[in-house]
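What follows is one structure encoded as structure tokens, with my remarks underneath.
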Amino acid sequence: MNQIQDLHKQAMDFAEIAQVAKLKGDSVLALELSRQAFEKERLAAELTVSNLAAEPTRSVLYRSAATLAIDCGEITTAERLIAVALSGNPPQEIAEELKDLFVQINIDKYFARRGIVFDKAKL
């Protein structure tokens, strides 16, 4: 578990620094740091992929990795990470958050396929 914890801590450190860079208006640095955070968190999550008994740690890591993937514009990867998280045995609350995250990244495409104009501001 130490390697997982180390990777997760590194990911959260990168994510925090990325937020600071974003607040300072340095979007290039923020994206670079977000990518590093995403890669660290993805690696941590993947170390738990076959350990379904590692809940809720497993699903929390996958949710975090998916969120970071979205921040980096890696939507397809985020979808895959969400699916892997849900394929385990996540606690109900985390499962709902993962499902909400999936809807969040797909709602525009869903409505567009049906010819519906969707205004997120009204949601």
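The values are calculated or read from the model by the stated rules, or taken from the named source; none is laboratory data. From a predicted model like this one, the values you see are computed outputs, not experimental measurements. Cβ sites come from the backbone with ideal geometry, for glycine too, and all protein chains shown count toward neighbours. Side chains are part of the model used for accessible areas, which takes the heavy atoms of the whole protein and leaves out ligands, DNA and RNA. Shrake-Rupley method; radii C 1.70, N 1.55, O 1.52, S 1.80 Å.
Some notes on this structure:
- Close pairs (9 angstrom Cβ cut-off, 6 or more residues apart or separate chains): touching a residue at least 12 places away in the same chain (Cβ under 8 Å) and over 16 Å from SER64 (Cβ atoms) in the stretch 14-28, of a type in the set (A, V, I, L, M, F, W, C) and open to solvent by 90 Å² or more (accessible area, probe 1.4 Å) anywhere: ALA21/VAL28
- Selection from the stretch 30-71 of residues that are under 12 Å from ALA11 (Cβ atoms) and modelled with pLDDT under 95: ASP71
- If the condition is being part of a loop (DSSP other than H, G, I, E, B), open to solvent by 20 Å² or more (accessible area, probe 1.4 Å) and either of a type outside the set (D, E, K, R) or in contact with a helix residue (DSSP H, G or I) (Cβ under 8 Å, 6 or more places away or on another chain) (or both), then the stretch 1-53 contributes MET1, GLY25, LEU47, VAL49, SER50, ASN51.
- Applying a threshold of 7 Å to beta carbon distances and a minimum spacing of six or more residues, or different chains, the list of pairs starting in the stretch 64-90 at a residue that is closer than 17 Å to GLN36 by Cβ and open to solvent by less than 40 Å² (accessible area, probe 1.4 Å) and ending at one that is polar (S, T, N, Q) and modelled with pLDDT of 95 or more reads LEU68/SER34; ALA69/THR77; CYS72/SER34.
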